[in-house]
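The values are calculated or read from the model by the stated rules, or taken from the named source; none is laboratory data. Here the structure is a predicted model, which means the values were calculated and not measured. Positions of Cβ are backbone-derived with ideal geometry, glycine not excepted, and every protein chain shown enters the neighbour counts.
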Amino acid sequence: MNPSPATGTVYIVDDDESFLRSISRLLMATDHTVRTFDSAPAFLRELTPDMAGCVLADLQMPGLNGLELQAALAKSANPLPVVFLSAEGDIPTTVQAMRAGAEDFLTKLMPKEKLLEAIRRALERGARERQTRCRQVELARVYGELTEREREVLKHVVQGQQNKQIADDLGLHLRTVKLHRTNLTRKLKVPSVAELTRLADEAGWFRPGS
C-alpha cells in the first residue's frame, strides 16, 4: 500500500493543456488535491498567503517562464516550494533552478514514482516552512505587545545579567526590574531565563539589524 500523500494542494502551472489534464488525473488518482493554471501570471494572480502546498511548473512557458515564476514566488509572502518539469534536460538551467531553491527538476518523461516522490518531498517541505513562517509571525506579534522598557529589560536578561545589574544599567529600582521580569514571563509564557534566551534567539529579536 502506498503511503498517504502529504497534505496540501499541488498547483500545476503549464501552458500545455493536454499535459495539464494528464498530470492532473495522475495526481488526483493518487489522492492529491490539485489546482491547474495555464500560465504563471494566472497562478500568481490567485496566490494568497494562506495557500498551502507546492507548485509543479513547466520550465518553458510563454510570457513568464518557470524560473521567473520561481523568482516571483521567492519574493512573495508565500514562497511555495517548486518542482520543475521540462520537455528535456538542461544542466545549466537545472543548476540555476536548484540553486534558487527548487525541490527537484524532472523531465516530462520521468517515471511516475519519481514525480510522486518529488511532490511528496515538496509538500512536506512546504508544510515545514509554512509552520516556521507562522511561528515567526506569532513571535513578532508577541514582541510587539511588549513595552519599550520590557524590551530593554529582556535584552539584558538574555545577556545573562542579574536583576541588580539590570537596575543599575537602566537606572531603575530593583523592584521595578523584578516587576518587568514577571511581566515578561507572563506575556511570553516562558518559566525560566533559559527559555527566554531560547525564544529571543529563535525570533532573532536582538541580532544585529533586528
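From the list ARG181, ARG141, ARG130, the one residue that fits, being of a type outside the set (A, V, I, L, M) and either over 30 Å from ASN78 (Cα atoms) or in a loop (DSSP other than H, G, I, E, B) (or both), is ARG181. Among LEU80, LEU59, LEU20, which is hydrophobic (A, V, I, L, M, F, W, C), touching a residue at least 24 places away in the same chain (Cβ under 8 Å), touching a Phe, Trp or Tyr at 6+ places or on another chain (Cβ under 9 Å) and more than 26 Å from THR132 (Cβ to Cβ)? Within the list LEU80, LEU59, LEU20, the selection yields LEU59. Residues in segment 106-155 that are more than 17 Å from the chain's Cα centre (by Cα) and among the small types (Gly, Ala, Ser): ALA118, GLY144. GLU195 meets all of the listed conditions (1) surrounded by 13 or more Cβ atoms within 10 Å (Cβ to Cβ); (2) modelled with pLDDT of 90 or more but one, namely (2).
State whether the residues of segment 162-171 include one that is touching a residue at least 40 places away in the same chain (Cβ under 8 Å) and among the aliphatic types (A, V, I, L, M). No, there is no match, as no residue in segment 162-171 is touching a residue at least 40 places away in the same chain (Cβ under 8 Å) and among the aliphatic types (A, V, I, L, M).
Would you pick out the residues in segment 186-210 that are within 15 Å of THR147 (Cα to Cα) and over 28 Å from the mean Cα position of the chain (by Cα)? Correct list: ARG186 only. Just one of the listed residues (PRO41, PRO79) is part of a loop (DSSP other than H, G, I, E, B) and either farther than 21 Å from GLY126 by Cα or not acidic (Asp, Glu) (or both), namely PRO79. For segment 72-109, filtered to residues that are of a type in the set (A, V, I, L, M, F, W, C) and loosely packed, with under 13 Cβ neighbours inside 10 Å, the residue that is farthest from SER22 (Cα to Cα) is ALA77.
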